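Taking it in order: structure first as structure tokens, then the write-up.
The values are calculated or read from the model by the stated rules, or taken from the named source; none is laboratory data. Note that the coordinates shown come from a computational prediction; the quantities given were computed from them, not determined experimentally. Neighbour counts are summed over all protein chains in view; Cβ atoms, including those assigned to glycine, are modelled from backbone coordinates with ideal geometry. Ligands, DNA and RNA are stripped out before the accessible areas are found, and what is left, the full protein with its side chains, is counted by its heavy atoms. Shrake-Rupley method; radii C 1.70, N 1.55, O 1.52, S 1.80 Å.
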Amino acid sequence: MTEVVSGLAPELKGAKRGQGYVPEASAGERFRSTDVAAFEVPGGREENWRFTPMKRLRGLHDGTATFAGTASVDVPAVEGVTIEQVGREDPRLGEAGIPQDRIAAAAWSAFREATVVTLDGTPGPVTVTVDGPGAGESAALHLQLRTTPHTEATVILVQRGSGVLADNLEVVLGDGSRLNLVVTEEWADDAVHVAAHHLLVGRDATLRAISVALGGDLVRVSPTVRYAGPGGDAELLGLGFADAGQHLEQRLLVDHATPNCKSNVLYKNALQGVKGTLTSGRQGDAHTVWIGDVLIRAAAENTETFEFNRNLVLTEHARADSVPNLEIETGEIAGAGHASATGRFDDEQLFYLQSRGIPEDVARRLVVRGFFGEVLHKIPVPELRDRLEAAVEAELAIAGA
Amino acid sequence: MSTLEIKDLHASVTTADDGLKEILRGVDLTVRAGETHAIMGPNGSGKSTLAYAIAGHPKYQITSGEVLLDGESVLEMTVDERARAGLFLAMQYPVEVPGVSMANFLRSAATAVRGEAPKLRTWVKEVKGAMNDLDIDPAFADRSVNEGFSGGEKKRHEVLQLALLKPKIAVLDETDSGLDVDALRVVSEGVNRYREGGETGVLLITHYTRILQHIKPDHVHVFSAGRIVESGGPELADDLEKNGYERFVKAAAV
Ligand SMILES: Nc1ncnc2c1ncn2[C@@H]1O[C@H](COP(=O)(O)OP(=O)(O)OP(=O)(O)O)[C@@H](O)[C@H]1O
Ligand SMILES: [Mg+2]
């Protein structure tokens, strides 16, 4: 990790109005609609799509995906947890946010019933399992998680299986509530998953979210954080492991429009590609994309926001795109910083570790474990942490390192 | 009792433009257990290249010659196999490995070299003791390997690894440079503890005779233009200190 490819942006602690990079179209002024027809079919050159391999979207973006399949949602009965299947007329839907791109709108237009999970009090950890529609099938899904005021809860959303899935995940945090949320992408090799996460943090509420992206052919997740009142605190951690042929894309927008709120984003990705063509016919390159937009609106005084992306390139045939973006409309901020760095696990590090007797595969494991440690350690459920740690190591072993 | 034999070793480095540049031009040297050999020579003469070639750094290609540890060729071995066979290189520029704690690294190395994970309780004691011997603050155990360490701290940690891994033959590449007087003493004592039993051999690369006051060599070699051009006893070091390398460098150029 000695080589800094994309460079470090300067810390912007105490930044003044106008500092930082301001993109042409402000992140906050994105078009929003639940109607797929309101969006033009993207061609792939748009800012929002330019990193995504459109051909591998299986028609999610252009209307050819039928959404005829079904992705199952399983939520066990736990005390303090209410599970409802509701129609699209339910007034709670859309409370956390509505689609900002055509695939999210397509999912919204296509889902048949939404699942609303309400957490109240101090329920034990809840594992929600989503299974893909199966190979060759496509499905749309809508899931909303809600906490009542002052609830403290942990939700693990496990997503796995085959097929093509587009969905909207809404998370509505009641005032003063606290939610630990772990979302895993543990898809089979064929799977394509495009998700929009709408995260609404209530007054004095705390969100601790961890996203873990391991499986799938193409996984594109776009989380948007908004605050319903002052005092909100959101931490978004991410861990991604892109191996041969995988495209993992994370597009975050934190929209600070309320005073005294905090956001802290740290996404770490490891990449391990292989040369040439895979048996699936796909190229063996590994690709990650991280877009981190933070918008601090004029009203959002005393905001504290940090966003970091770190990528660890383990092999050749890997590409990490990383675009941090901070837009500041107020001078009154408590602190802000953004940075991105991509480093290589280089031959010198490998030589050093091996020269102490450590075999190559163990050396790689050491480095990757060390790299992901600060994210993995924050996973609140020990069994889940162990399982994901093992899953990361299995990823590492696949390409034979 | 171990022996490291280097026979007519030629090595080249792969340069940026993909060419090969010969650095080692026929090195002959035998280091036996119980012996300490010092190698002195001007900058760029190939001392570090010799050290790296023995350890198996991928940047260097051995074009001819042999390196044998107890009669077995190490050149066919991978870098980690050489270390497990009993070779150790304290590097001139130890590498930073962000994200991997020193504690984790040391334990992984000890596990690999000893063939089994050391028992946790005795291990913790062992590491603490070894760190204490080298005046290393225990807080370093939680820091990433060499990351942000000062030059002197890095060198101490190289000797810490020497103490814990107990190799048969140790190559120390300028372990003394960048050390203040006190650190030099502490580090030298560390090396001397390692030599104590007389069952290990040391190849010490240095520019300065001051470390040789602490670590007394049995043999001193002058290295120039990729080979040993003169060998002698400890008195040779004093000669070098007084008169410099010049006469050897000239001789080598002929
Ligand atoms: N990658 C490389 N490309 C080109 N030349 C190299 C490369 N690596 C080493 N060399 C050259 O090989 C020669 C020997 O280098 P080496 O580091 O072994 O010298 P040294 O005797 O250890 O010097 P010092 O006393 O300064 O440590 C030098 O001329 C150096 O520039
Ligand atoms: Mg050198």
In whole percents, the bins of 5 Å from zero upward hold the Cα-Cα pairs of segment B:167-224 as 4, 18, 32, 27, 14, 5, 0
Straight-line reach from residue B:128: which lysines have a Cα under 20 Å away, not including same-chain ones fewer than 8 places off? B:119, B:154, B:155, B:166
Ratio of alpha-carbon Rg to the 2.2 N^0.38 Å globular estimate for segment B:3-253, to two decimals, please. 0.99
Run the helix sum for chain A: -39,500 (n - 2.57) per DSSP H stretch of 4+ residues, divided by residue count, reported at 222 nm to the nearest 500 deg cm²/dmol. -4000 deg cm²/dmol
Using Stokes-Einstein with the Kirkwood hydrodynamic radius over Cα pairs, what translational diffusion coefficient do you get for segment A:338-391 at 20 °C and a viscosity of 1.002 mPa s, in µm²/s rounded to a whole number? 167 µm²/s
Calculated SAXS-style log₁₀ I(q)/I(0) at q = 0.14, 0.21 Å⁻¹ - segment A:133-182, Debye, Cα scatterers: -0.46, -0.76
Surface accessible to a 1.4 Å probe, residue A:358 within the full protein complex, Å²: 0 Å²
Helix B:102-114 versus the longest principal axis of chain B: what is the Cα-based angle in degrees, 0 to 90, to the nearest 10? 70 degrees
Heavy atoms only, 1.4 Å probe, whole protein assembly: order A:278, A:366 by accessible area, highest first. A:278, A:366
Working from the pairwise distances between different alpha carbons, so that the mean of 1/r is found and then inverted, what is the protein assembly as shown's Kirkwood radius in Å? 27.7 Å
Under a 1.4 Å probe, counting only protein heavy atoms, residue A:95 has an accessible area in Å², nearest 10, of 80 Å²
Exposure ranking of B:211, B:228 by accessible area [1.4 Å probe, largest first]: B:228, B:211
For q = 0.18, 0.20, 0.21 Å⁻¹, Debye-computed log10 I/I(0) when each Cα of segment B:30-129 counts as one equal scatterer: -1.08, -1.22, -1.27
Scoring chain A by relative contact order with C-alpha pairs under 8 Å, at least six apart, yields a percentage of 15 percent
In nm, the gap between the two label points placed 7 Å beyond Cα toward Cβ at residue A:275 and residue B:247 is 5.3 nm
Sequence gap at least 6, Cα distance under 8 Å: using those rules, report the relative contact order of segment B:3-253 to the nearest whole percent. 27 percent
For chain B, longest principal axis from Cα atoms; helix B:151-165 axis from its Cα atoms; angle between them, nearest 10 degrees, is 80 degrees
For segment B:109-212, report the convex hull volume of the alpha-carbon atoms normalised per residue, in Å³, without decimals. 107 Å³
Grab the DSSP H runs of chain B that are 4 residues or longer, score each as -39,500 (n - 2.57), total them, divide by all residues and round the 222 nm result to the nearest 500 deg cm²/dmol. -11000 deg cm²/dmol
If the chain between residue B:180 and residue B:126 were fully stretched, how many nm would it gain, using 0.36 nm times the residue separation less the Cα-Cα distance? 16.8 nm
Taking the Cβ of residue B:181 as the centre, find all other residues whose Cβ is under 15 Å away and add up their charges (Lys, Arg: +1; Asp, Glu: -1). -1
May I have the pair-distance distribution P(r) for segment A:2-345, computed from all Cα-Cα distances with 10 Å bins from 0 and rounded to whole percent? 6, 26, 35, 25, 7, 0
By average C-beta atoms within 10 angstrom, highest first, the peptides B:104-110, A:372-378: B:104-110, A:372-378
Using the Kirkwood radius built from alpha carbon pairs, what does the Stokes-Einstein equation give as D for segment A:285-401 at 4 °C and 1.567 mPa s, in µm² per second? 77 µm²/s
Per-residue accessible area, 1.4 Å probe, largest first, puts B:208, A:227, B:245, B:93 in the order B:93, B:208, B:245, A:227
Test of understanding: what is the full-extension gain from residue A:70 to residue A:299, defined as 0.36 nm times their sequence separation minus their Cα-Cα distance? 78.2 nm
For residue A:238, what is the net charge nearby, where nearby means another residue's Cβ is under 12 Å from its Cβ and Lys, Arg count +1, Asp, Glu -1? -1
Simple label model, 7 Å out from Cα along Cβ direction - residue B:150 to residue A:122, nm: 4.9 nm
Residue A:49: accessible area at probe 1.4 Å, nearest 10 Å²? 10 Å²
For helix B:120-133, what angle does its Cα long axis make with the longest principal axis of chain B, in degrees from 0 to 90 and rounded to 10? 50 degrees
